[in-house]
Every structure is written in C-alpha cells, then in structure tokens.
Amino acid sequence: MKIHISDLAEPQLTDMQRLAHQYGETLTLDMSLNGVLEDAVARTGLTDFGATDFTYRLSLWLDEVGQDPDRLGIGNLSLRNSCVRYASNRLLTQDLLQRHPEIHDIKIERPIIIVGLPRTGTTHLLNLLSADQSLRSMPLWESYEPIAQRGEAPSADGLDPRYVRCNKEWEQMQMVTPHVALMHPMDPAHVHEEIELMLPDFASYNLEWVARCPGWRDYYFSTDQQPHYDYMHTMLKVLTFLRPRNRWILKSPQHFEQIGPLMNTFPDATIVMTHRDPVSVIQSAATMITYAARMAYRTIDPHWYIDYWTDRVQKLLASAVRDIDLIPRSQRIDVHFNEFMADDSAMVARICDFAAHPLSKKAQESIAKRAADRSRDGQDSIVYDLRQDFDRTPEQIRERFSSYLEKFNVPNEVM
C-alpha cells in the first residue's frame, strides 16, 4: 500500500503517540551535564571517562536541545537516555583500553567505505556486502552498546542482552512512529553506520537528524573533526578485538564533507561513492524527520525542515566536489543509484572486484539470501510529495546542486 503522510504540519496523533506525550509531560528530568554523567557512572560502576574535553560538547547538546522550550518531555527523555548510553559506552571503552592496551596496536587495513547520502542505496548496499561473513560489519545492536556491561551474559536462549534492549527499541519505534520504521528500518540485525562510534565522544553531525540544533551544526563546522575520526578509529579497533575479522565494511553520509579526516584515518580504504538526484534524497529525508518531530516538538514547521535539509545536503555535496581529489582515483568507485537498483548483484560483484575482495561461492549465496530476505517488494511504502507537503518544487531544490550533478553526471529523477 502507498502511504502519504498528510498531517506533517498538524499531526493527528495516534492513541499511542498521545499517551507518550502525556507521559513525557509528567516527568521531571535532570538535563544537566552532571546528572547525565552521574547516571552513566551508576550504570557502569566506572568513573574514568578518559579525556574530559567531551563534556563541553555534551553541554552544548544539553543546553541547545534539552533546554528548548518547544521540546516535548518525551523528546527530552529520548535525548537524555541516549546521552547516558553514550557516556556509559565511553566509560566501558576507557576501562577496556586500560585493561588491554594492546588494542591500540590493532590495524584497520583496507576497509571498504561507502560514502553516500541516505536514500541512494547505501543501506541496501551495506547490508548486501555485510552478508559476506569474511567482512567485518557492525549490526545496530552492537553499535548502540559496543561493549557489554560487566557481569552481563547471554540469556538461556542465547540472546545477548544488548540485542534484547535494541530489539525492544525497535518494537517501540514500530508502535509509536510506524512510518519512520517504514522509511528507515532499525531492527537489531540491521547493519549500522560507524558514525555511531563517534557518539561516546559527543561528536559528528548525528544530532542534526534527531533535533533542531543549528547551534551544534555551526560548532561542528567550526571545528576540526580529525580527533573524532581518531576516536572512531579506536572504537573500530575495540570492536575488532572483541570480534575479530580481517576487513571492515563501513558507511556514512557524513564522510562526504569530511573526506580529509576520512582519508587521513583510512589512507588505504576503498571508497564506494553512491550518487542519486539530490531531490529524491531531500524529499525523503525531510519527510521522515518532519514526521518524527511529532514525538519531540510541540510545534512543527515543514518549511523549516525542507529548507534546513536542502541547505545541509548542499553543504555535504559541495564539500565532496571540493575535496574529491583527496581520494586517489585508484581507490574510488562511483555507483549510480539507477544502475545499482537495476542489477544489485552485478554491482556488488563489480565493487568487490574493484576492492580486490574475492567473493567465495558461500559469500555469493549469503548475499543472494540477504537480498531476498530484505526485499521490500509488496510491502507498504511512503509517497513523497514536495509540492503538497513542503510547498517546494523539484526545480527549486535541484538548481542548488548543479556543480555536484555535473561533476558526477547524476541524472534527474523527480519531475
């Protein structure tokens, strides 16, 4: 069934959403820096956060988002829970590194890194490639909690408690914001982005996807992101130590505007750059974020979201055009959305050949099974309408991307 979300500006809340709103308004939340850190210490039993520069960035999050008077209680609860989890992960990481300093000696060699905007096939491509068990990838549950809490063990049915907690969040998402679940599945086995590994350092552009935070965006733009790529690099070493595999498969849109730090961190990486008409990307992203905002904000202006994300994607792609030559041409393969979707198996084979990664017969079978298991044929889907939902035309948006479209020979999709 085709679903058009017609209430973006004036949400007609479901009973479940209304109950969540009401519950959030009954809460008295401590949105202070000390409150978050104290809860992380209580959760883990640890006290050493390592370098404390992260506290300034965490304070920026809590001040701009947590103190926004338009923010709902349930939205602030979600933010606070996330911050406590990130701070807890930082404590657990610091503890593990102190007990096993040899982790720093691990090499992350020749990763395959997908650099592409959302809705350009990156998630599908990442999940197909990660079906090859000779590659190391990071499922969502592991990205949320890279290191197990001390004393926790699998349940009688063999499930990791971290998986169970992640699955509970996925079930709640499907109940509370079912259309987000359609647009961006977040089941525990879903392979996730390594940008999640920057969050214990309270860095990255991730906050922009879940909150209105232009102040954080400006701070992010004004600071060198190399230290946070270094932190992510260390986290990948931690995960390799805990679950060894020879070669990583990674993905994040943020890398478009951080090609310098990306290549400094992974100089021998194979970069798979996906391309699609930015209009398709923006109308999808803006629809999803505007819809999700009903669970975080009292008032919603779809025009703000479409204009913010048009500008944001333009900055991402302009940076890519500017810095593309920092990627050696012998290490970059371009993947156009229409070609990938026309024959995903052929594209996967082409990418693996380019990356000098041989596909065994078992890997090919696993990839084919993953493609079948994750096919959305016959499932409900969201209809996007720029004109009706945002009062914008494809031409108005596309005209801002001429340099990107020309540089990578990207065809128009939305008319």
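The values are calculated or read from the model by the stated rules, or taken from the named source; none is laboratory data. Values in this document were obtained by computation on a predicted structure and should not be read as measured data. Methodologically, a virtual Cβ is constructed for each residue, glycine included, from the backbone with ideal geometry; neighbour enumeration extends over all protein chains shown.
Quick one: how many residues across the stretch 190-221 are in a loop (DSSP other than H, G, I, E, B) and within 17 Å of residue 122 (Cβ to Cβ)?
5
Please enumerate the residues belonging to the stretch 1-50 that are part of a helix (DSSP H, G or I) and aromatic (Phe, Trp, Tyr).
If we filter the stretch 1-50 for residues that are part of a helix (DSSP H, G or I), which is where we start, we get 15-25, 33-44.
Scanning the stretch 1-50 gives a single hit, 23.
Being small (Gly, Ala, Ser) and surrounded by 17 or more Cβ atoms within 10 Å (Cβ to Cβ) is the requirement here; does residue 363 meet it?
Answer is yes for this residue.
Scan the stretch 205-244 for residues that are aromatic (Phe, Trp, Tyr), surrounded by fewer than 21 Cβ atoms within 10 Å (Cβ to Cβ) and under 16 Å from the mean Cα position of the chain (by Cα) and report the count.
1
Among the residues of the stretch 316-343, which ones are part of a loop (DSSP other than H, G, I, E, B) and aliphatic (A, V, I, L, M)?
327
Looking at the structure I just gave you, is residue 104 over 21 Å from the mean Cα position of the chain (by Cα), under 30 Å from residue 330 (Cα atoms) and either modelled with pLDDT of 95 or more or assigned to a helix (DSSP H, G or I) (or both)?
When the stated conditions are applied, residue 104 passes them.
Inspect all residues belonging to the stretch 327-337 and state whether any of them is in contact with a helix residue (DSSP H, G or I) (Cβ under 9 Å, 6 or more places away or on another chain), among the polar types (S, T, N, Q), closer than 22 Å to residue 220 by Cβ and surrounded by fewer than 22 Cβ atoms within 10 Å (Cβ to Cβ).
Within the stretch 327-337, none of the residues are in contact with a helix residue (DSSP H, G or I) (Cβ under 9 Å, 6 or more places away or on another chain), among the polar types (S, T, N, Q), closer than 22 Å to residue 220 by Cβ and surrounded by fewer than 22 Cβ atoms within 10 Å (Cβ to Cβ).
Looking at the stretch 344-359 only, could you name the residues that are surrounded by 12 or more Cβ atoms within 10 Å (Cβ to Cβ), of a type outside the set (A, V, I, L, M, F, W, C) and not in a helix (DSSP H, G or I)?
Within the stretch 344-359, 357 is the sole residue that qualifies.
Answer with yes or no whether residue 377 is more than 23 Å from the chain's Cα centre (by Cα) and outside any helix (DSSP H, G or I).
Criteria met by residue 377.
To keep it simple, each residue is scored yes or no on (1) over 19 Å from the mean Cα position of the chain (by Cα); (2) modelled with pLDDT of 95 or more; (3) surrounded by fewer than 19 Cβ atoms within 10 Å (Cβ to Cβ).
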residue	(1), (2), (3)
111	no, yes, no
120	no, no, no
136	no, yes, no
158	yes, no, yes
178	no, no, yes
181	no, no, yes
186	no, no, yes
192	no, no, no
196	no, yes, no
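If I ask for residues that are more than 30 Å from residue 12 (Cβ to Cβ), assigned to a helix (DSSP H, G or I) and of a type in the set (D, E, K, R), which ones from the stretch 142-178 would you list?
Passing the criteria: 142, 162, 165.
Any residue at all in the stretch 143-151 that is under 30 Å from residue 100 (Cβ atoms), surrounded by fewer than 19 Cβ atoms within 10 Å (Cβ to Cβ) and touching a residue at least 60 places away in the same chain (Cβ under 8 Å)? Full working, then the answer.
Just the residues of the stretch 143-151 that are under 30 Å from residue 100 (Cβ atoms), to begin with: 143-151.
Still in the running and surrounded by fewer than 19 Cβ atoms within 10 Å (Cβ to Cβ): 148-151.
Those left that are additionally touching a residue at least 60 places away in the same chain (Cβ under 8 Å): 149-150.
Yes, the conditions are met somewhere in the stretch 143-151.
Among the residues of the stretch 56-81, which ones are free of Cβ contacts under 8 Å to residues at least 24 places away in the same chain and of a type in the set (Ser, Thr, Tyr)?
56
I want to confirm something. Restricting to the stretch 245-264 and keeping residues that are among the charged types (D, E, K, R) and not in a helix (DSSP H, G or I), which single residue is surrounded by the fewest Cβ atoms within 10 Å (Cβ to Cβ)?
Checked the stretch 245-264; the qualifying residue surrounded by the fewest Cβ atoms within 10 Å (Cβ to Cβ) is 245.
Could you say which residue among 287, 299 is within 29 Å of residue 14 (Cβ to Cβ) and crowded, with 24+ Cβ neighbours inside 10 Å?
Criteria check complete, one pass: 287.
Suppose we keep only residues that are closer than 20 Å to residue 211 by Cβ and surrounded by fewer than 18 Cβ atoms within 10 Å (Cβ to Cβ) within the stretch 34-56. Which one would you say is farthest from the chain's Cα centre (by Cα)?
Once the filter is applied, the top-ranked residue is 35.
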